[in-house]
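Presented below is the structure to which this report refers.
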Amino acid sequence: MGIKERLKEDMKEALKSKDKVRLSTIRMLQSLIKNAEIEKRGELTEEEVISLLMKYAKQRRESIELYEKGGRQDLVEKEKRELEIVESYLPKQMDEEEIRELVKEAIEKTGASSPKDIGKVMQYLMPKVKGRADGSTVSKIVKESLAG
């Protein structure tokens, strides 16, 4: 079952269980997908839907950070709950150790030796981690590896 179908099923569940946060988040995701399909003038592939959800999840993380700095704990909780729901539709995220292994492999394969080679390493890595790891985390680990 694809993500769009899961969203429809989960929306029915959320309606039945009267879970307002889940329902509003699912509706938001469905409208994001619908708007992207209108813009594209066609159906989104599963990969495009995942990319869209990752972008939305990243926005939630940034909002959480800003609300924490502003001392708005009520909004932090709401955003965290939304982020949890969005992440439940994304593929399992790689942990830092898995990313470090891939970075090590990428450095060996590309022959990178200095921080100047970050571009080569990232170009090799990103297709492998797409949808399963945040680009900024991968970039940070690559920089650490090449600097150290």
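The values are calculated or read from the model by the stated rules, or taken from the named source; none is laboratory data. Please read these numbers as outputs of a predicted model, since none were measured by experiment. Every residue, glycine among them, receives a Cβ derived from its backbone with ideal geometry; neighbour counts consider all protein chains shown.
Can you confirm whether segment 35-47 contains a residue that is closer than 15 Å to residue 134 by Cα and of a type in the set (Gly, Ala, Ser)? No. Taken over segment 17-43, the residue count meeting the criterion of being free of Cβ contacts under 8 Å to residues at least 12 places away in the same chain and either under 16 Å from residue 5 (Cβ atoms) or outside the structural domain of residue 7 (by TED's automatic domain parsing) (or both) is 3. Of all residues in segment 15-25, those satisfying the criterion of being under 21 Å from residue 76 (Cβ atoms) and assigned to a helix (DSSP H, G or I) are 20, 21, 22, 23, 24, 25. Inside segment 101-116, can you point out the residues that are surrounded by 16 or more Cβ atoms within 10 Å (Cβ to Cβ) and either modelled with pLDDT under 80 or not hydroxyl-bearing (Ser, Thr, Tyr) (or both)? Hits for segment 101-116 are 102, 103, 106, 107, 112.
Of all the listed residues (50, 33, 3), the sole one being touching a Gly at 6+ places or on another chain (Cβ under 9 Å) and not small (Gly, Ala, Ser) is 50.
The number of residues in segment 107-139 that are farther than 29 Å from residue 45 by Cβ, of a type outside the set (Asp, Glu) and free of Cβ contacts under 8 Å to residues at least 12 places away in the same chain comes to 2. The sole residue among 119, 70 that is surrounded by fewer than 19 Cβ atoms within 10 Å (Cβ to Cβ) and either at pLDDT 90 or above or closer than 24 Å to residue 35 by Cβ (or both) is 70. Within segment 51-76, residues that are closer than 27 Å to residue 132 by Cβ sit with their Cβ atoms under 7 Å from residues that are part of a loop (DSSP other than H, G, I, E, B) and aromatic (Phe, Trp, Tyr), at 6+ positions apart or across chains, in these pairs: 53/89.
Within segment 29-51, take every residue that is crowded, with 18+ Cβ neighbours inside 10 Å and either part of a helix (DSSP H, G or I) or in contact with a Phe, Trp or Tyr (Cβ under 6 Å, 6 or more places away or on another chain) (or both) and give me the one that is modelled with the lowest pLDDT.
Result: 50.
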